[in-house]
Amino acid sequence: MPKASVKRLIECKKKDLINLVLDIEKYPDFVPFCFDAKIYENKNEGDLTKIIADLTIGKGPFKDTYKSDVVFNKKQDTIFVKNIDGPLNHLSNNWTFSDKKKRNY
């Protein structure tokens with residue numbers, strides 16, 4: 001199965017970035033080609049926030065909806081997203097947040 005990995009240093013507070021990623025219903029305001037976002041479940045279970053959500057992505061007449069299982073681990077500052085329905089059989093991503101600045105010299 002193909003894999004891709006992207007690392008970026010984003011100059012903002014970790015908490016603000018986590019809140020931005022978890023504010024799924026606002027994705028159509030800033031994510032290119034995102035037409036709609038809907039949250040079905042949003043539960044807090046101890047250190048975990050569990051979200052089930054749909055994103056409708058597309059361009060022109062081509063649109064598909066992806067249902068995802070999103071788990072935010074407050075203790076580890078990670079967000080794991082797994083596709084549970086939609087046009088792709090396998091789609092997952094893992095977000096890791098830190099306050100550390102890394103510089104390459």
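This table checks each residue for (1) touching a strand residue (DSSP E or B) at 6+ places or on another chain (Cβ under 6 Å); (2) surrounded by 10 or more Cβ atoms within 10 Å (Cβ to Cβ).
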position	(1), (2)
Pro2	no, no
Lys14	no, yes
Ile18	no, yes
Asp23	no, yes
Asp29	no, no
Pro32	no, no
Tyr40	yes, no
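Just a yes or no: is a residue in segment 55-70 farther than 22 Å from Ala4 by Cα, modelled with pLDDT of 95 or more and within 11 Å of the chain's Cα centre (by Cα)? No; the residues of segment 55-70 include none that is farther than 22 Å from Ala4 by Cα, modelled with pLDDT of 95 or more and within 11 Å of the chain's Cα centre (by Cα). Of all residue pairs spaced 6 or more apart or on separate chains, those with beta-carbon atoms under 8 Å, a first member in segment 65-86 that is touching a residue at least 24 places away in the same chain (Cβ under 8 Å) and buried (at least 16 other Cβ atoms within 10 Å of the Cβ) and a second member that is small (Gly, Ala, Ser) and in a strand (DSSP E or B) are Val70/Ala53. Contact map, segment 23-45: first residue on the phi > 0 side of the Ramachandran plot and among the hydrophobic types (A, V, I, L, M, F, W, C), second residue surrounded by 10 or more Cβ atoms within 10 Å (Cβ to Cβ) and not in a helix (DSSP H, G or I), Cβ cut-off under 8 Å, separation 6 or more or different chains; pairs are Phe33/Ile57; Phe33/Gly58.
The values are calculated or read from the model by the stated rules, or taken from the named source; none is laboratory data. Owing to the predicted nature of the structure, the values given are computational and were not obtained by experimental measurement. Quick reminder, even Gly has a Cβ in these numbers, built from the backbone with ideal geometry, and neighbours come from all protein chains shown.
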